[in-house]
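Contents: one structure, followed by commentary.
What follows is calculated from the coordinates using simple rules that are stated; it is not laboratory data. None of the values given here were measured: they were computed from a predicted structure. Note: ideal-geometry Cβ built from the backbone for every residue, glycine included; neighbour counts use all protein chains shown.
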Amino acid sequence: MKKNKNILSLVFLASSLTLSPLLASSTNQQARTQSNSLSNNIANNLYSRGIDRDVSKKIAKRIFGEDEGTTNIMLINLQNNYTSLSQQEIVNFLSTEALLSKSVDLSSYDYLVSMVYKIKNKPLSSKDLKELSYIAKKNYFYSQSL
């Protein structure tokens, strides 16, 4: 009985060691896919506003630079922790920012407050400000670690 328990433990250990790299690579691939879909969403939004498809793709790529994956993680953090904004509202806002060649800094508390105020067009409550402060702190750590 003890021998069977040891064999079973070894099987679980071996399977966890072999599956861990596969799960990590699939998570990275999922983040890249979401990043691509974010820039595609912005490009499609710009295209629906009347901008040429190729130009809209260039504008969408330019807003993130090389940090699109990090920006995507920060946006996921924003969406998960501040549910008052829909993904479409965020995409519309980012599309306008991209069109105006403005920089996006989701790790900045000031930027997040400004963004939410511009989207909602109403003063933010103290609860909203606390949530945005928490999000900005997490996003700052994401930007430093990635």
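Worth pointing out:
- Note on Asn40 and Lys61: their simple-model spin labels are 1.5 nm apart, each label 7 Å out from Cα toward Cβ.
- Column: log10 I(q)/I(0), Debye, Cα scatterers of segment 42-105, q = 0.16, 0.17 Å⁻¹: -0.51, -0.57
- Relative counts (whole %) of C-alpha pair distances in segment 37-145, using bins that are 5 Å wide: 2, 13, 24, 24, 19, 12, 5, 1, 0
- Relative contact order for segment 37-145: 29 percent, from Cα pairs under 8 Å spaced at least 6 residues apart, divided by residue count.
- Inter-probe distance in nm under a simple model that places probes 7 Å from Cα toward Cβ, at Asn121 and Ser145: 3.8 nm
- Normalised convex hull volume, segment 81-132, alpha-carbon set, Å³ per residue: 76 Å³
- Potential extension, Asp52-Ser108 segment - 0.36 nm per residue separation minus Cα distance: 17.0 nm
- Distance violations [Cα-Cα > 30 Å] among Lys58/Lys130; Lys61/Lys120; Lys102/Lys127: Lys58/Lys130
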